[in-house]
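**Student:** One structure is given below, represented as structure tokens, and several questions about it will come after.
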Amino acid sequence: MGLFENKIKQFPKIFDWVERQDVSRLSNFLLDNERCNRLFVASGGSFSAAVYAEQLSADKGIMSHALTPLLYAGSGFAHVAARTLLISASGYNNDILRAYDNGCRAEEQEVGAVVLTSKGRLQTLMQENDANSLFGFDIPTGRDGFLSSTTVLAFYTLLYRAFGHTELSSVSTDISAKEQEEINGFVNRLKRISLDELTEHEAFLHKLEGVDSFFILYSAKSYPVALDIESKFSEGAVGNTQLADYRNFAHGRFNWFTQRPGQTGLICLQTPDDVEMSEEILSMVPGHVPALRLRTLHNSQLAAIDLLVKEHYLCSALGQRWGLDLSRPVVPEYGRILHSK
């Protein structure tokens with residue numbers, strides 16, 4: 001068992017810790033003055049939390065948008081009247097620091113930040129300028145390693161509570177034996193799909209590479225989790241991903257399975273509202289396509305938190321397929337240089 005799996009085992013601690021946090025100041029920042037736009041800025045493993053915050057905000061009738069620091073700086077959003085919340089686990093990366101600098105120079109914006117440790121470069125800058133807009137929480141599980149796990153779950157659940165929701169106890173931090181069996185069966189099938197429907201050349205390619213490309217289908221409430229899966233699959237090097245909502249998939253994206261048979265799996269994020277639409281697609285795709293349903297029984301914004309938990313078990317299984325500890329990869333020197341720019 002690697003660090004990534006150990007982090008998953010700490011999910012109950014995150015839920016318990018979040019329930020005990022005072023989120024009133026963060027809540028006021030997010031919910032007061034509802035006529036003012038909201039911007040949520042984050043990068044890497046935290047970006048899906050920014051998209052989740054956008055959805056929570058929209059549910060309250062507040063116009064909002066999630067951006068990466070680069071898109072925030074290079075677009076008109078850097079100049080609109082808004083409350084801007086920066087989301088960063090450590091507050092150390094240069095992208096979030098540049099976003100703070102851009103926000104401070106925007107006269108029409110009030111900039112805040114939510115972080116998961118009391119010490120960091122962003123925290124120091126904000127304490128020197130306006131500590132009232134710094135919302136710091138000290139996560140009890142420490143640093144995640146290379147991939148976000150406990151930190152992204154902490155952001156989802158803190159934001160959920162800050163937007164006025166309370167019923168976290170209905171979400172499990174584990175998955176059922178049946179769900180684990182389905183994940184294991186999906187991962188095993190990636191290596192041994194039926195070759196009956198493939199040409200000799202297509203079968204050769206599958207035997208050579210197996211399936212390491214994935215199409216992820218989602219609806220509105222599962223969209224943040226689709227983005228988080230893309231992030232983890234890419235950063236963890238367990239698969240290439242393409243994303244589409246269920247109806248946008250119908251606009252030509254299905255052709256990928258026709259032109260690249262034997263090379264791509266299908267992952268459907270299912271909420272009760274989109275089961276029928278999802279199952280219709282699953283009934284039509286070629287039988288040789290490995291498919292997995294990640295399901296939630298929640299129709300509320302809890303759906304994303306529930307699917308986020310289950311997603312981690314899928315990532316763990318795919319990491320084990322390749323013999324990888326997703327939290328402790330071999331990071332090349334050029335990667336360290338790129339990240340530090």
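The values are calculated or read from the model by the stated rules, or taken from the named source; none is laboratory data. Everything numeric here is computed off the predicted structure, so don't read it as measured data. Here the Cβ is made from the backbone with ideal geometry for all residues, glycine too, and neighbour counts use every protein chain on show.
**Student:** Only one of TYR92, TYR100 is hydroxyl-bearing (Ser, Thr, Tyr), surrounded by 20 or more Cβ atoms within 10 Å (Cβ to Cβ) and in the same structural domain as PHE146 (by TED's automatic domain parsing). Can you tell me which?
**Tutor:** Details: TYR92 fails: surrounded by 20 or more Cβ atoms within 10 Å (Cβ to Cβ).
Result of the check over TYR92, TYR100: TYR100.
**Student:** Looking at (1) in a loop (DSSP other than H, G, I, E, B); (2) surrounded by 22 or more Cβ atoms within 10 Å (Cβ to Cβ), can you tell me which one PHE155 breaks?
**Tutor:** (1)
**Student:** In the stretch 37-56, how many are of a type outside the set (A, V, I, L, M) and without any contact (Cβ under 8 Å) to a residue 40 or more places away in the chain? Let's see the steps before the verdict.
**Tutor:** Looking only at the stretch 37-56, we keep the residues that are of a type outside the set (A, V, I, L, M), and these are 37-38, 40, 43-48, 52, 54-55.
From the residues that got through so far, the ones that are without any contact (Cβ under 8 Å) to a residue 40 or more places away in the chain too are 54.
So the count comes out to 1.
**Student:** If only one of GLY145, GLY112 is outside any helix (DSSP H, G or I) and under 30 Å from SER316 (Cα atoms), which one is it?
**Tutor:** Values: GLY112 fails: under 30 Å from SER316 (Cα atoms).
Exactly one residue qualifies, and that residue is GLY145.
**Student:** Considering the stretch 1-32 alone, what residues qualify as being at pLDDT below 95 and within 16 Å of GLU54 (Cα to Cα)?
**Tutor:** ASP32
**Student:** Take the residues in the stretch 188-203 that are in contact with a Gly (Cβ under 9 Å, 6 or more places away or on another chain) and modelled with pLDDT of 80 or more; name whichever of them is surrounded by the fewest Cβ atoms within 10 Å (Cβ to Cβ).
**Tutor:** Top of the filtered list is ARG189.
**Student:** Hey, among the residues in the stretch 33-58 that are modelled with pLDDT of 95 or more and charged (D, E, K, R), which one's surrounded by the most Cβ atoms within 10 Å (Cβ to Cβ)?
**Tutor:** ARG38
**Student:** Only one of (1) within 24 Å of SER24 (Cβ to Cβ); (2) in a loop (DSSP other than H, G, I, E, B); (3) free of Cβ contacts under 8 Å to residues at least 24 places away in the same chain is not met by GLY91, so which one is it?
**Tutor:** If we test GLY91 against (1) within 24 Å of SER24 (Cβ to Cβ); (2) in a loop (DSSP other than H, G, I, E, B); (3) free of Cβ contacts under 8 Å to residues at least 24 places away in the same chain, just (3) comes out false.
**Student:** What pairs can you find where one residue is in the stretch 213-228 and at positive phi, the other is of a type in the set (Val, Ile, Thr) and buried (at least 24 other Cβ atoms within 10 Å of the Cβ), and their Cβ atoms are less than 7 Å apart, with a gap of 6+ or different chains?
**Tutor:** Within 7 Å, no pair qualifies.
**Student:** Looking at SER90, SER148, which one is under 20 Å from GLU235 (Cβ atoms) and in contact with a Leu (Cβ under 8 Å, 6 or more places away or on another chain)?
**Tutor:** Values: SER148 fails: in contact with a Leu (Cβ under 8 Å, 6 or more places away or on another chain).
Just a single option satisfies the conditions, and that option is SER90.
**Student:** Just checking, does the stretch 21-36 include any residue being of a type outside the set (S, T, N, Q), farther than 21 Å from LEU153 by Cα, part of a loop (DSSP other than H, G, I, E, B) and touching a residue at least 40 places away in the same chain (Cβ under 8 Å)?
**Tutor:** There is at least one residue in the stretch 21-36 that is of a type outside the set (S, T, N, Q), farther than 21 Å from LEU153 by Cα, part of a loop (DSSP other than H, G, I, E, B) and touching a residue at least 40 places away in the same chain (Cβ under 8 Å).
**Student:** List the number of the failed condition for PHE4; all other conditions in (1) touching a strand residue (DSSP E or B) at 6+ places or on another chain (Cβ under 7 Å); (2) in a helix (DSSP H, G or I); (3) closer than 24 Å to ASP306 by Cβ hold.
**Tutor:** Tallying (1) touching a strand residue (DSSP E or B) at 6+ places or on another chain (Cβ under 7 Å); (2) in a helix (DSSP H, G or I); (3) closer than 24 Å to ASP306 by Cβ, PHE4 fails exactly one: (1).
**Student:** Checking the condition over 15 Å from CYS268 (Cβ atoms), of a type in the set (A, V, I, L, M, F, W, C) and not in a helix (DSSP H, G or I), which residue from LEU324, LEU308 passes?
**Tutor:** LEU324
**Student:** What is the one condition in (1) assigned to a strand (DSSP E or B); (2) surrounded by fewer than 15 Cβ atoms within 10 Å (Cβ to Cβ) that ASP138 does not satisfy?
**Tutor:** Failing condition for ASP138: (1).
**Student:** Quick one: would you say GLU108 is acidic (Asp, Glu) and either at pLDDT 95 or above or within 23 Å of ASP32 (Cβ to Cβ) (or both)? Let's see the steps before the verdict.
**Tutor:** Values: acidic (Asp, Glu): yes; either at pLDDT 95 or above or within 23 Å of ASP32 (Cβ to Cβ) (or both): yes.
Taking the combined requirement at face value, the residue satisfies it.
**Student:** Now for a different question. Applying the selection to the stretch 103-140, what residues are of a type in the set (Lys, Arg) and either out of contact with any helix residue (DSSP H, G or I) (no Cβ under 9 Å at 6 or more places or on another chain) or not assigned by TED's automatic domain parsing to the domain that holds GLU19 (or both)?
**Tutor:** Kept after step one, since they are of a type in the set (Lys, Arg), are these residues of the stretch 103-140: 105, 119, 121.
The answer is LYS119, and nothing else.
**Student:** Going through ALA73, ALA82 one at a time, which residue ends up being surrounded by 17 or more Cβ atoms within 10 Å (Cβ to Cβ), more than 30 Å from GLY236 (Cα to Cα), over 18 Å from the mean Cα position of the chain (by Cα) and not hydroxyl-bearing (Ser, Thr, Tyr)? Break it down into steps so the answer makes sense when it comes.
**Tutor:** Details: ALA73 fails: more than 30 Å from GLY236 (Cα to Cα).
That would be ALA82, the only listed residue that is surrounded by 17 or more Cβ atoms within 10 Å (Cβ to Cβ), more than 30 Å from GLY236 (Cα to Cα), over 18 Å from the mean Cα position of the chain (by Cα) and not hydroxyl-bearing (Ser, Thr, Tyr).
**Student:** Looking at (1) modelled with pLDDT of 95 or more; (2) outside any loop (DSSP other than H, G, I, E, B), can you tell me which one HIS339 breaks?
**Tutor:** Only one criterion is unmet by HIS339, namely (1).
**Student:** Tally the residues that are aliphatic (A, V, I, L, M) and under 14 Å from LEU294 (Cβ atoms), restricting the search to the stretch 244-281. Please lay out each step first, then the result.
**Tutor:** From the stretch 244-281, those aliphatic (A, V, I, L, M) are 244, 250, 266-267, 269, 275, 277, 281; that's our starting set.
Checking which are under 14 Å from LEU294 (Cβ atoms) leaves us with 266-267, 269, 275.
Here the count works out to 4.
**Student:** So, in the stretch 8-20, how many residues would count as being crowded, with 20+ Cβ neighbours inside 10 Å and either in a loop (DSSP other than H, G, I, E, B) or not assigned by TED's automatic domain parsing to the domain that holds ARG143 (or both)?
**Tutor:** Total meeting the criteria: 0.
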